[in-house]
Amino acid sequence: MKSKKIIAFLLICTLLTSILSFYSSPVSARWMHTMSVSCDVTFSGRTATCTGEINAHTGATISATLTLQKKNGSLWDHVTSWTKTGTTYITFNEKYTVSSSGTYRVIITGKVTRNGTSENVSAASGEKSCT
């Protein structure tokens with residue numbers, strides 16, 4: 001009987017140790033060289049303002065493309081895109097007049113390189129309607 005209590009106690013201690021070590025572990029980063037990636041699209045009439053940014057760690061080189069897309073059923077058609085290269089921080093603030101109403105979004109994709117290693121990053125805006 002005494003040995004069953006000792007085994008139960010040890011199992012509980014092992015379980016608690018596992019749970020505590022899980023919750024005290026640092027959260028792993030989504031990217032190694034990139035701090036943030038974001039984009040958005042807004043409309044004023046038929047004029048889309050497409051914004052995006054990639055913020056990387058100091059010394060990183062960035063090659064990025066911001067793409068405006070229009071929804072076509074369940075697919076997304078390419079409307080236009082812009083490309084930039086730079087270091088540490090890239091931002092887009094582009095305007096484009098769309099030819100028809102519909103649902104649009106922007107996506108940003110990039111390659112961030114630092115200390116000889118590269119990573120691909122991306123983000124998509126929410127869907128926005130243009131009437």
State all residues of the range 57-74 that are closer than 17 Å to K128 by Cα, touching a strand residue (DSSP E or B) at 6+ places or on another chain (Cβ under 9 Å) and either surrounded by 18 or more Cβ atoms within 10 Å (Cβ to Cβ) or of a type outside the set (D, E, K, R) (or both); if no residue qualifies, say none. L66, T67, L68, Q69, K70, N72
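Evaluate the following for I54: is it surrounded by 16 or more Cβ atoms within 10 Å (Cβ to Cβ) and farther than 21 Å from E127 by Cα?
Answer is no for this residue.
Among the residues of the range 101-113, is there at least one that is in contact with a Leu (Cβ under 6 Å, 6 or more places away or on another chain) and at pLDDT 95 or above? Before the answer, list the steps.
First, the residues of the range 101-113 that are in contact with a Leu (Cβ under 6 Å, 6 or more places away or on another chain): 106, 108.
When the remaining residues are screened for being at pLDDT 95 or above, the result is 106, 108.
Yes, the range 101-113 has at least one match.
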Return the residues of the range 94-117 that are loosely packed, with under 14 Cβ neighbours inside 10 Å and under 18 Å from the mean Cα position of the chain (by Cα); say none if nothing qualifies. none
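Name the single residue that is nearest to T49 (Cα to Cα) among those in the range 78-99 being touching a strand residue (DSSP E or B) at 6+ places or on another chain (Cβ under 8 Å) and outside any strand (DSSP E or B). Walk me through it before giving the result.
First pass over the range 78-99, keeping only residues touching a strand residue (DSSP E or B) at 6+ places or on another chain (Cβ under 8 Å): 78-98.
The next check asks that each one be outside any strand (DSSP E or B); those that pass are 88, 98.
Numbers: T88: 23, V98: 11 Å.
The qualifying residue nearest to T49 (Cα to Cα) is V98.
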Some residue of the range 51-60 being more than 12 Å from T34 (Cβ to Cβ) and in contact with a Lys or Arg (Cβ under 8 Å, 6 or more places away or on another chain): yes
The residue that is nearest to S74 (Cα to Cα), considering only those in the range 101-120 that are in contact (Cβ under 8 Å) with a residue 24 or more places away in the chain and out of contact with any strand residue (DSSP E or B) (no Cβ under 8 Å at 6 or more places or on another chain), is T117
Where a residue in the range 67-89 is of a type in the set (D, E) and its partner, wherever it lies, is part of a strand (DSSP E or B), with Cβ under 7 Å and at least six apart: D77/Q69; D77/K70
Can you find a residue that is surrounded by 14 or more Cβ atoms within 10 Å (Cβ to Cβ), part of a strand (DSSP E or B) and among the β-branched types (V, I, T) anywhere in the range 28-36? yes
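The values are calculated or read from the model by the stated rules, or taken from the named source; none is laboratory data. Quick caveat, the model's predicted, so the values are computed rather than measured. FYI the Cβ positions are ideal-geometry reconstructions off the backbone, even for glycines, and counts take in every protein chain you see.
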